[in-house]
Amino acid sequence: MPSTIRIATRRSPLAMVQTRSVAAALCERDPSLVVELVPVQTRGDIDKSTPITGKGVFIDALRETIASGRADFAVHSMKDVPAEVPEPLALTTFGPRADTRDALVVRDDSPHRTLGDLPAGTVVGTSSLRRTALLATLVRGLATVPLRGNVDTRLRRLDEGVCDALLLASAGLDRLGFGDRIAQRIDPDVLVPAPGQGALAVEFDAGNEDLRSRLRAGGDEDVEACVAAERELTRRLGADCAVPLGAHCIRDAQAFHMTAVVAATDGTRLLRVELSGDDSLALGGDTADRLQKLGAEELLRHDG
């Protein structure tokens, strides 16, 4: 007899694409599996006018579907998931990590195709304090405007002239088939991505061992370790998506390598740490300690 798994997901086009990719991977491993999607509206989806004040606005309602038994697990963009996962839930990455880089998007007729080309007075649309802060430190004379909504909504508002350019995640644009709109994929050492950017997360009841086994079989050890380092850094700093924090961990044959930044939203101060190590979790903690010694806690509290 086929088994059935119910997956909670946000209703946005990107969330649905991501969730269907997880469902397809699970069904490929077990063709007898029946998957049902459970679309959920989160606080962040309902209220698009209020500034984002924490990662829970996109997560809480999905967690409630698991707690109530209406879904077996939920799919998230990892960068949206708070660093602390409440009991009895467990969290892991799923699948390969997509492009971690931020993307500059401009109108098709724009002659300016890179951050360095943007003239003074250019208005950049973004809902991210991290992008706002780092942009202020990289390119003087630019203005930012808060711009929330689904990816296609933001692209439409760009084309309508609400702003001159957008900063978005390359991963989301690629997954939705908008990769050809990207003018520049920005080096992650320059515009350091959000912790977890590009990775998919699956969250489930920690006591469901069969489901845990299915989901972990779809993971990637390097992705899991690098994301764990970035999330440990976030946890140690007590940070969330409402603060200007960037973290990017990679692994090569020798070690894990972490780059992390904390920036003032007005561009007046930037803290940057680069460390390497053999243990990803320890690396995340060590990087947080270095940032704290440089004054990260005060900077995050001021801008948060």
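Here, each number is a calculation from the coordinates, and none is a lab measurement. Every value quoted in this text rests on a predicted model; they were computed, and no experiment measured them. Cβ atoms come from the backbone with ideal geometry, glycine included; neighbour counts cover every protein chain shown.
Among the numbered conditions (1) over 18 Å from Arg131 (Cα atoms); (2) assigned to a helix (DSSP H, G or I); (3) not β-branched (Val, Ile, Thr), the only one that Leu299 does not meet is (1).
Do you know which of the residues in segment 123-174 that are polar (S, T, N, Q) and assigned to a loop (DSSP other than H, G, I, E, B) is farthest from Leu270 (Cα to Cα)? By that ranking, first place goes to Asn150. One residue stands out in segment 206-248 among those that are without any contact (Cβ under 8 Å) to a residue 24 or more places away in the chain and among the acidic types (Asp, Glu): the one that is nearest to Pro195 (Cα to Cα), namely Glu221. In the set (1) in contact with a His (Cβ under 6 Å, 6 or more places away or on another chain); (2) buried (at least 24 other Cβ atoms within 10 Å of the Cβ), Leu200 fails one condition alone, (1).
For the structure I just gave you, tell me whether Pro119 is outside any strand (DSSP E or B) and under 29 Å from Arg301 (Cα atoms). No: the conditions fail for Pro119.
Name the residue that is nearest to Val139 (Cα to Cα), counting only residues in segment 249-298 that are surrounded by 22 or more Cβ atoms within 10 Å (Cβ to Cβ) and free of Cβ contacts under 8 Å to residues at least 40 places away in the same chain. This residue is Val262.
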